[in-house]
Amino acid sequence: MDKNQPFAKRRLVFPVYLPSFLFSTAEFGIIPSIPASAIGLGGNIAIAGAIAGLMMIGRLVADIPAANLVDRLGERRAMILACLAAALGILSSLFAINLLMLGLGVFIVGAAAAVFGLARLAWMTEHVPVEYRARSLSILGGMFRAGSFAGPVIGAWIIFNYSVTEVFYLPLILCAVTALILMVVKSE
């Protein structure tokens, strides 16, 4: 970042805001299909709820290792890796033949979200001047919340109009687009 130029939050749209929105839309987009997929694989409502909870358990378990990973790889590479890992988790959920495979896929998506979340916050800390950081982080939080709203709504719409399994394709596409944006857009 050039120290002579004033900081503009719009410079954060492509390197961090848009990828954060897309990734959280992908992450939360599978939520409507998890219980239905679990029940379709022979689970009951309690098991379906437990499998859906594996996303948060994946986040919790991966939080500490995520810090080491982001430190070693750097923020941008860690976010790209998180997109790829989330895509693998989504593929595991899509092609699950049993509850264990579905649960593992959901767990991986949660772990990938922990890495992505930490990496984007680390990126903001490094690239945003202190006097602009609070507002920039507020906007980032808004992108996350917007994605966490849009994902389930779009997922429910897909289930209503197509099928439970079709929901998994949207997050796959969003993870690929997010990774592509992160690879193409230069960080300042």
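Working note: 222 nm ellipticity from helices only, DSSP H runs with n ≥ 4, each -39,500 (n - 2.57), summed and divided by the residues of the chain, gives -27000 deg cm²/dmol to the nearest 500.
A straight line joining the Cα centroids of the range 101-151 and the range 32-58 runs 24 Å.
Overall, the range 87-188 carries a charge dipole of about 140 debye about its Cα centre when +1 sits on the Cβ of Lys and Arg and -1 on the Cβ of Asp and Glu, all other atoms neutral. With springs only between Cα atoms under 10 Å apart, run a GNM on the chain and tell me which of R59, R145, R120 wobbles the most. Of the options given, R145 has the highest mean-square fluctuation.
In a simple Cβ point-charge model (Lys, Arg +1; Asp, Glu -1; nothing else charged), the chain has a dipole of about 420 debye relative to its Cα centre. In this structure the chain gives 51 Å² per residue of accessible area when probed at 1.4 Å with all protein chains present.
Using heavy atoms of the protein chains and a probe of 1.4 Å, the accessible area assigned to F14 is about 110 Å². Please state the shape class of the range 59-108: rounded when a/c is under 1.5, otherwise prolate if a/b exceeds b/c and oblate if not, all from the C-alpha gyration tensor. Note, shape of the range 59-108 comes out oblate.
Round to a whole number: what % of the accessible area of the chain belongs to carbon and sulfur, probe 1.4 Å? Taking all protein chains in place, the chain shows 69 percent carbon and sulfur surface.
Only one residue of N44, F23, F7 has its Cα farthest out toward the positive end of the dipole of the range 1-109, where Lys and Arg carry +1 and Asp and Glu -1 on Cβ, and that residue is F7. For the chain, hydrophobic long helices are taken as DSSP H runs at least 15 Å long by C-alpha position along their axis with mean Kyte-Doolittle hydropathy of 1.0 or more; these are 45-73, 75-94, 99-127, 169-184. Taking every C-alpha pair closer than 8 Å and separated by at least 6 residues, the mean separation divided by the residue count of the chain gives a relative contact order of 41 percent. Of I30, I47, the order by accessible heavy-atom surface (1.4 Å probe, DNA, RNA and ligands excluded), from most exposed downward, is I47, I30. The largest accessible area among E27, E126, E131 belongs to the first residue in E131, E126, E27, and the rest follow in falling order (1.4 Å probe, all chains).
Counting only protein heavy atoms and using a 1.4 Å probe, the accessible area of Y132 comes to about 80 Å². Note on V61 and L100: their simple-model spin labels are 1.4 nm apart, each label 7 Å out from Cα toward Cβ. Solvent-accessible surface (1.4 Å probe) assigned to L41 amounts to roughly 60 Å².
Between V106, V61, V115, the Gaussian network model of the chain with springs among Cα atoms under 10 angstrom shows the greatest mean-square fluctuation at V61. In terms of accessible area, using a 1.4 Å probe and ignoring ligands and nucleic acids, D71, D63 rank largest first as D71, D63.
Computing Cα Rg over 2.2 N^0.38 Å for the structure here picks out one of [x] 0.97; [y] 1.10; [z] 1.05, namely [z].
The values are calculated or read from the model by the stated rules, or taken from the named source; none is laboratory data. The model shown is predicted, which means the values in this text are computed figures rather than measured ones. Here the Cβ is made from the backbone with ideal geometry for all residues, glycine too, and neighbour counts use every protein chain on show. Ligands, DNA and RNA are stripped out before the accessible areas are found, and what is left, the full protein with its side chains, is counted by its heavy atoms. Shrake-Rupley method; radii C 1.70, N 1.55, O 1.52, S 1.80 Å.
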